[in-house]
Amino acid sequence: MIRHAPHGTSHFVEGLRAAMGLGSTVSDYGVVVVLLGEGCRGATSTLDRGEAAGHLATLAELGYRVQVERESLDGCRISASDVAPGIDIITRSDLVAMLHTADVTIGF
């Protein structure tokens, strides 16, 4: 889960990097990156992602999901139409259900 904005700190990029690393070393588990809170700003198609662009592309190539919480988008006044292709929008209740079944969660 990435809760920090993609600018001003390294949390966004480091969260993506950790997801790639986990996925490459722990093959028995599915890796899902969820952007929530200010982290939802990383889901927009207009963001200059810099280094994060490569990480997002690698996650997609590996078949890992990147999702953004709808309520976070609403709170940051980001339209669903502004979400980049390949990033799925989920509801908070979807997120809660996923957390209940997750073996491990890591926050950035």
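The values are calculated or read from the model by the stated rules, or taken from the named source; none is laboratory data. This one's a predicted model, so the numbers in the text were calculated from it and none came from an experiment. We place every Cβ from the backbone using ideal geometry, glycine too, and count neighbours over all the protein chains shown.
Details
- Residue in the stretch 63-86 that is in contact with a Cys (Cβ under 7 Å, 6 or more places away or on another chain) and among the charged types (D, E, K, R) present: yes
- Filtered by the rule that a residue be in contact with a Gly (Cβ under 6 Å, 6 or more places away or on another chain) and more than 16 Å from Arg17 (Cβ to Cβ), the stretch 33-85 gives a lone residue, Ser72.
- The listed residue being over 18 Å from Gly107 (Cβ atoms), surrounded by fewer than 13 Cβ atoms within 10 Å (Cβ to Cβ) and among the β-branched types (Val, Ile, Thr), out of Thr91, Thr9: Thr91
- Arg65 among the basic types (Lys, Arg) and free of Cβ contacts under 8 Å to residues at least 12 places away in the same chain: no
- The stretch 46-83 - residue that is at pLDDT below 90, within 18 Å of His4 (Cα to Cα) and among the hydrophobic types (A, V, I, L, M, F, W, C) and, of those, farthest from the chain's Cα centre (by Cα): Leu47
- Figure legend. Inter-residue proximity from the stretch 88-108: first residues farther than 11 Å from Glu69 by Cβ, second residues assigned to a loop (DSSP other than H, G, I, E, B) and hydrophobic (A, V, I, L, M, F, W, C), beta-carbon distance below 9 Å, spacing 6+ or different chains. Indicated pairs: Leu99/Met1; Val104/Val26; Thr105/Met1; Ile106/Met1; Gly107/Met1; Phe108/Met1.
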